[in-house]
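Novice: My questions will all concern the structure given below.
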Protein chains: 2
Amino acid sequence: MANGQPLRNPEQPERIRHLKDGASRAGAVFQAPRDHGRGPIAAVHSPEYLTFLENIHARWKRIEGASDEVIPNIHPDSRGANYPKSAVGQAGYHQADTACPIAEGTWEAAYWSAQTALEGADLLLGGERAAYSLCRPPGHHAFADLAGGFCFLNNSAIAADYLRQQGLKPAILDVDVHHGNGTQGIFYKRNDVLTISLHADPDRFYPFFWGSAQERGEGLGEGYNLNLPLPRGTGDDDYLAVLKTALARVRNFGADVVVIALGLDSHENDPLQGLSITTPGFARLGAAISTLGVPTLLVQEGGYLSDDLGNNIENFLTGFEGG
Amino acid sequence: MANGQPLRNPEQPERIRHLKDGASRAGAVFQAPRDHGRGPIAAVHSPEYLTFLENIHARWKRIEGASDEVIPNIHPDSRGANYPKSAVGQAGYHQADTACPIAEGTWEAAYWSAQTALEGADLLLGGERAAYSLCRPPGHHAFADLAGGFCFLNNSAIAADYLRQQGLKPAILDVDVHHGNGTQGIFYKRNDVLTISLHADPDRFYPFFWGSAQERGEGLGEGYNLNLPLPRGTGDDDYLAVLKTALARVRNFGADVVVIALGLDSHENDPLQGLSITTPGFARLGAAISTLGVPTLLVQEGGYLSDDLGNNIENFLTGFEGG
Ligand SMILES: [Zn+2]
Ligand SMILES: [Zn+2]
């Protein structure tokens, strides 16, 4: 197993250390990502949005009395709304919530996090059975032109689309406790990448506005998006039963490569208390996914700092390797 | 001239006093509104949104560590998104920005503000040439199911639709310094109420996402919405020249009643510094509108507390009466 890691990571180094230690115990060998440039990122995110991400912090700081970080306070009712010139207006256009503040180093961190996912994709293309991309910040709440929930660039989507461009047929399976709304949005009208998400029911859980079972794709993409919302507190057995449905769908799609949006925040001790997967449960989850028998890119998404975090990634990877 | 005034008004009583004094100097006689019930409000706003407005504060207060007022922090990307059960989710669904916090008395204040507009409409139906509804909170940023910018119920839209139901053909002319985005949204796909707004260019001014000239209505409503964005700092002469275009459109529509969304925040000394109408300029504005020669409902929108506020409404009303 090979791994990528962001070159720079200003946020929560402690969290990364736990994950790296746990993955190392499972036999992972780490390497830094090469720079694949902006091409694969721009294949998924609009140039307008990339310009915004790269420049907004400097523009924001020029506003008298501005906060240290870019935080939105007014939002359009649809993506078709007027695109304003003002920094405040553009912040509201491109940031869905107050949980994705943009600091001075955000663009660089997000850029290298995406490169980390691409490095993992390269390893699969080079013949590896699996790779673990220790991405930070995470990506699955980022749409083509909209940040949210600590996510700016959608690492999983960027890697999946990159694999598609190499002639493969990717499925993205999101097991983070939160719905992968950005990933869904990016591929919602497409049938060349299958998107599936298991998550705590959004009716009372972030991201609220996306993740219901009725959201099945649109146009060409109808039937190519599958949401499997779960009741709060769902444990290992019920989770694995629903996961079977997801895996069957991946097989029916004929995916020859799979990207796992690997959140560990579904753990029973996670502060968010969405689902109740146990630490041994992550080994079962890894083993079940492994039965797909196709090259698999594991992209780190959520999972908050706790004593269990290292053990959870270790269990997942060990289960995957033994599955 | 007759006038309505909210029975209860928890916010900025000082502002209301200035307006009332100014209008009285112009000869206005005030009366309290009767209760027209929810019917005319529900003709414009969704029942889901009204339920939200009435109950969200009590629900919000039950959240541990909640702020005193309901303030949103996550927003959907479109009105078609999943409608969540959570209070936090619904707040983000129904509040476009952080400038429309919902306090304990918000529903009652908004309700009576709408009744004040309806009372003014009744006076026109009873034969008055004009009525001034001193509404607070204002309304023109409120959509059918979305609050914003201190607005919760769209008083001007509620009054216009009420007049339409009585067989009249209303036009709404919004002269507030901000685009009347809620009013535009409510009638955007309809051709039975003409909507026009003169305002500071939204590219760098609230509400940012609405108010460009390209927004002309949709479907049945195409051509029935006219936006006239103006450069920052536009003064009396240029403003009045553009107003002529608006008045000609009202005449071409064949309106037999007109609702003026009367913001006074286009004044040269307004802290927002969007436009530069002078105090005598408001008299010219009132006189020009008066030439339409149809029954006219003046609904108070924005205009912030200053020494000029009373003089501005006095000038507008005096100009209107002499026009
Ligand atoms: Zn998560
Ligand atoms: Zn205004």
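Novice: Name the shape class, rounded, prolate or oblate, that the alpha-carbon gyration tensor gives for region B:35-100, where a ≥ b ≥ c are the square roots of its eigenvalues, rounded holds for a/c under 1.5, and otherwise prolate holds if a/b is larger than b/c and oblate otherwise.
Specialist: On the way: a/c = 2.04, a/b = 1.33, b/c = 1.53.
Oblate is the answer for region B:35-100, as a/c is 1.5 or above yet b/c matches or exceeds a/b.
Novice: Just to be sure I understand: if you take the accessible area of chain A alone plus chain B alone and subtract the pair, with a 1.4 Å probe, what total do you get in Å², rounded to 100? Write out the running numbers ahead of the final one.
Specialist: Working: alone 12670 and 12670 Å², together 22630 Å².
When A and B are taken together, about 2700 Å² of accessible area is lost.
Novice: Show A:K169, A:K85 ordered by accessible area, largest first, where the area counts protein heavy atoms only and the probe is 1.4 Å. Before the final figure, lay out each step's value.
Specialist: Working: A:K169 80, A:K85 105 Å².
Largest accessible area first, the residues go A:K85, A:K169.
Novice: Return the distance in nm (one decimal) between the two label points of a simple spin-label model at A:F30 and A:R204, each offset 7 Å from Cα along Cα→Cβ.
Specialist: So the two model labels end up 3.9 nm from each other.
Novice: Of the beta bridges DSSP finds with both residues in the protein assembly as shown, what % are antiparallel, to the nearest 5? Could the numbers behind the result be given before it?
Specialist: On the way: 6 of 72 bridges.
Looking only at bridges with both residues in the protein assembly as shown, the antiparallel portion is about 10 percent.
Novice: Separate question: Below 14 Å, Cα to Cα, which aspartates and glutamates can B:K244 reach? Residues fewer than 8 away in the same chain don't count.
Specialist: B:D174, B:D236
Novice: How would B:T291, B:T278 line up by accessible area, probe 1.4 Å, largest first? List each step's numbers first, then the result.
Specialist: On the way: B:T291 80, B:T278 35 Å².
If we order B:T291, B:T278 from most to least accessible, we get B:T291, B:T278.
Novice: On the protein heavy atoms, probe 1.4 angstrom, tell me the percent of accessible surface of region A:93-145 carried by carbon and sulfur.
Specialist: Values: 590 of 1200 Å².
For region A:93-145, the apolar C and S fraction of the accessible surface comes to 49 percent.
Novice: Moving on to the next point. Report ³J(HN,Hα) in whole Hz for each residue of region A:33-48, in order, from the Karplus equation J = 6.51 cos²θ - 1.76 cosθ + 1.60 where θ = phi - 60°; Gly and Pro get x.
Specialist: x, 7, 8, 8, x, 8, x, x, 6, 6, 6, 10, 10, 5, x, 4
Novice: Reachable lysines from A:K85, Cα under 25 Å, same-chain residues fewer than 8 places away excluded?
Specialist: By straight Cα distance, A:K85 reaches A:K61.
Novice: Okay, moving on. Name the residues whose placed amide hydrogens come within less than 5 Å of the amide hydrogen of B:I74, ignoring near sequence neighbours (fewer than 5 apart) on the same chain.
Specialist: Distant-sequence amide H within range of B:I74: B:G92.
Novice: Would you please give the residues with an amide H less than 5 Å from that of B:H199, counting only those at least 5 places away or on a separate chain, with H modeled from the backbone geometry?
Specialist: B:L228, B:L230
Novice: Nothing charged except the Cβ atoms of Lys and Arg (+1) and of Asp and Glu (-1): what's the magnitude of the dipole of the protein assembly as shown about its Cα centre? Round to the nearest 20 debye. Before the final figure, lay out the partial values.
Specialist: On the way: 50 positive and 76 negative charges, 213 e Å.
That gives a dipole near 1020 debye.
Novice: Further, regarding this structure: Straight-line reach only, C-alpha to C-alpha below 24 angstrom: list the lysines that B:K189 could link to, leaving out same-chain residues fewer than 8 apart.
Specialist: Reachable lysines: B:K169.
Novice: Would you mind calculating the relative contact order of region A:124-254 from Cα pairs under 8 angstrom and at least 6 residues apart, reporting the percent as a whole number? If you can, show how the numbers build up before the last one.
Specialist: Details: 237 pairs, mean separation 23.7, N = 131.
Computed value for region A:124-254: 18 percent relative contact order.
Novice: For peptide B:84-91, compute the average count of partner chain beta-carbon atoms within 10 Å of each residue's beta-carbon.
Specialist: Numbers: counts 12, 6, 6, 1, 4, 8, 1, 1.
Rounded to a whole number, the mean comes out at 5.
Novice: While we're looking at this one, here's another question. Work out from phi, with θ = phi - 60° and the Karplus expression 6.51 cos²θ - 1.76 cosθ + 1.60, the ³J(HN,Hα) of each residue of region A:160-169, listed in order in whole Hz, and give x for Gly and Pro.
Specialist: Result, rounded to whole Hz: 5, 5, 5, 5, 4, 5, 8, x, 8, 10.
Novice: Okay, moving on. Once Lys and Arg get +1 and Asp and Glu get -1 on their Cβ, which of A:V70, A:N252, A:G149 lies farthest toward the positive end of the dipole of region A:14-322?
Specialist: The residue sitting most towards the positive pole is A:N252.
Novice: To the nearest 20 Debye, how big is the dipole of chain A about its Cα centre, given +1 on the beta carbon of each Lys and Arg and -1 on that of each Asp and Glu?
Specialist: Details: 25 positive and 38 negative charges, 135 e Å.
Dipole size: approximately 640 debye.
Novice: Grab the beta carbon distance between A:T51 and A:Q165, set R0 = 22 Å, and tell me the FRET efficiency rounded to 0.05.
Specialist: Between A:T51 and A:Q165 the formula returns 0.45.
Novice: Here is a further query. Among the DSSP beta bridges whose two residues both lie in chain A, what percent are antiparallel, rounded to the nearest 5? Intermediate results must be reported in sequence, preceding the final value.
Specialist: Details: 2 of 35 bridges.
Within chain A, antiparallel bridges account for around 5 percent of the total.
Novice: Something else now. Taking the Cα centroid of region B:148-190 and of region B:263-323, what is the distance between the two, rounded to the nearest whole Å?
Specialist: 18 Å
Novice: What is chain B's relative contact order, in percent, from Cα pairs under 8 angstrom and six or more apart in sequence? If you can, show how the numbers build up before the last one.
Specialist: Details: 744 pairs, mean separation 59.8, N = 323.
19 percent.
Novice: Follow-up question, since we're still on this one. Quickly work out the A:L220-to-B:E104 label distance, labels modelled 7 Å from Cα along the C-beta direction, and quote it in nm with one decimal.
Specialist: In this crude label model, B:E104 to A:L220 measures out at 5.6 nm.
Novice: Here's another thing I want to ask about it. Using only the Cα atoms of region B:125-224, build the gyration tensor, take square roots of its eigenvalues as a ≥ b ≥ c, and label the shape rounded, prolate or oblate: rounded if a/c is under 1.5, else prolate if a/b is larger than b/c, else oblate.
Specialist: On the way: a/c = 1.81, a/b = 1.28, b/c = 1.41.
Verdict is oblate for region B:125-224.
Novice: What shape does region B:62-167 have by the C-alpha gyration tensor, where a ≥ b ≥ c are the square roots of the eigenvalues, rounded means a/c under 1.5, and otherwise prolate means a/b greater than b/c and oblate the rest? Display every interim value, and only then the final one.
Specialist: Values: a/c = 3.22, a/b = 2.03, b/c = 1.59.
It is prolate, given that a/c is not under 1.5 and a/b is the larger ratio.
Novice: For region B:240-247, just list the computed ³J(HN,Hα) in residue order, Karplus coefficients 6.51, -1.76 and 1.60, θ = phi - 60°, integers in Hz, with x standing in for Gly and Pro.
Specialist: 5, 5, 6, 4, 4, 4, 5, 5
Novice: At a probe size of 1.4 Å, how large is the accessible area of B:L243, to the nearest 10 Å²?
Specialist: 0 Å²
The values are calculated or read from the model by the stated rules, or taken from the named source; none is laboratory data. Not measured: the values here are computed from a predicted model. A quick note on method: Cβ atoms are made from the backbone with ideal geometry, for glycine too, and the neighbour counts reach across all protein chains shown. Only protein heavy atoms, including side chains, enter the accessible area calculation; ligands, DNA and RNA are left aside. Shrake-Rupley method; radii C 1.70, N 1.55, O 1.52, S 1.80 Å.
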